[in-house]
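Written below as structure tokens is the structure these notes are about.
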């Protein structure tokens, strides 16, 4: 228990970094995902194909490979990125690929009659999307988005491998000094679980909010 | 256009619609005069629905011309060919063509009132209060003044379709297209929808109606058009069409209905 108390500040700093990496990756990934999903459904071939290629490529590559590719690969083409930035970019791309597919599927599952009816009263493309299609698709997008968010939080532990001092790295450092293996990994597991539990609870609440009609 | 005589709101000339190598419409010509109700009948797959969908450009067409209120639908002429209009211009044009669908297509996440008010606010630019007032008065007109706050899932099919009609006519379009609007309804709900349509026809709404309700067609139509296999085979006065059809194909078609209606 002493190991916990004396190292409590380090664990909290690690937890903060984990939350930061996760939130930034989710934000980047969600923006990329909506752009990618819309491009795959509605854009001309010059945008649709790159979007499709991005989604298929990134979904088929392990997250750790993405992180290493950016952290060690970017400097070789003259772009230095910090470990933290590399982690956020890699996990953001990972998240974005999954959210793209979720957004595409969510919008695609809205019956064509909805888009017909929206066109028939004279709504423009943007209005149809904003007022008719997305409000209905969001109820189908949200559950899968929550799953992806949970995956991103878990995958954030991989940034410890490019020596970002996140929750995982903090715990490993303490383990190295104190040898309290079981206790510390149990604490780490519990903290990851709590983050994801909170994500799920918020997600379910949002689902209920959007689940009319 | 001349001042004398009725002015056509919809003019369809030699309309051709292809999907791949399949010709759905093979040169259809049809006019709808202001204030008239034109009813299109014909067997399934004859192209009736496609004709309606071309008129408000839910479908592109490959040959011929469609004009609504004098404006070419969906394209502009450029050096002999047709160039597709940008989305915003197509949208503005569609606002003047109402459409009521077989499967209602109400927006499930909005109340009846919001369904009808949406276009008034977003397309016509009315302030919300004015839009809701106009929407409420149209809903009252179709007998749903007590259902303003109901969601589509809380309404019967007949009620949903009446909301669909209110949504279309509230925009005050130049013409309203009705695409087999009673086909998805239970038989006991058909009449409440037909009554609303008859009311609209009586007040001089310009309507183009695709239907299988022959008695109704005869009752409201100023003119009946019969389509078969992508062609407009015959058109004319409803009494003459139903009593003394000229073509064999219309005779055969009407025989199927003589027992039922």
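Taking the fewest neighbouring Cβ atoms within 10 Å as the starting point, the ordered list for A:140, A:13 is A:13, A:140.
Between segment B:35-88 and segment A:43-92, the alpha-carbon centres lie 46 Å apart.
Exposure proxy ranking for A:48, A:59, based on other Cβ atoms within 10 angstrom of each Cβ and starting from the fewest, stands as A:59, A:48.
With the cut-off at under 11 Å, measuring from each backbone N in segment A:85-101 to a point 7 Å along the Cα-to-Cβ line of residue A:76 picks out no residue.
DSSP assigns beta bridges within the protein assembly as shown; of those with both partners inside it, close to 60 percent run antiparallel.
Take each residue of peptide A:177-183, count the partner chain Cβ atoms within 10 Å of its Cβ, and average: the result is 0.
Partner shielding of A:127-137 amounts to 3, given as the average count of beta-carbon atoms from other chains within 10 Å of each residue beta-carbon. Quick one: angle between helix A:181-210 and the longest Cα principal axis of chain A, in degrees between 0 and 90, rounded to 10, please. Once rounded, one gets 20 degrees. Only beta bridges with both residues in chain B are counted; by DSSP, about 60 percent of them are antiparallel. The calculated FRET efficiency for the pair residue A:126 and residue A:53, based on their C-beta separation and a Förster distance of 25 Å, comes to about 0.45. Counts of other chain beta carbons within 10 angstrom of each beta carbon in peptide B:119-127 average 3. Normalised size of chain A, defined as Cα radius of gyration per 2.2 N^0.38 Å with N residues, equals 1.20.
Quick check on the protein assembly as shown: take the gyration tensor over C-alpha atoms, sort the square-rooted eigenvalues as a ≥ b ≥ c, and tell me if it's rounded (a/c under 1.5), prolate or oblate. Prolate is the answer for the protein assembly as shown, as a/c is 1.5 or above and a/b outweighs b/c. Highest mean packing comes first when the peptides B:121-130, A:122-131, B:34-43, A:14-23 are listed by Cβ atoms within 10 Å, giving B:34-43, A:14-23, A:122-131, B:121-130. In terms of the mean number of neighbouring beta-carbon atoms within 10 Å, the peptides A:64-70, B:101-107, A:183-189, B:80-86 order highest first as B:101-107, A:64-70, A:183-189, B:80-86.
When each of B:222, B:237 is scored by the number of other beta-carbon atoms lying within 10 Å, the sequence from fewest to most is B:237, B:222. Taking a ≥ b ≥ c as the square roots of the eigenvalues of the alpha-carbon gyration tensor, segment B:137-261 is classed prolate because a/c is 1.5 or more and a/b outweighs b/c.
Here the sum of -39500 (n - 2.57) over DSSP H runs of 4 or more residues, divided by the residues of chain A, equals -26500 deg cm²/dmol at 222 nm, to the nearest 500.
None of the figures in this text is laboratory data; all of them are computed from the coordinates on show. It should be emphasised that the depicted structure is a prediction, and the values quoted were computed from it without experimental measurement. Glycine also receives a Cβ, built like all others from the backbone with ideal geometry; neighbour counts cover every protein chain displayed.
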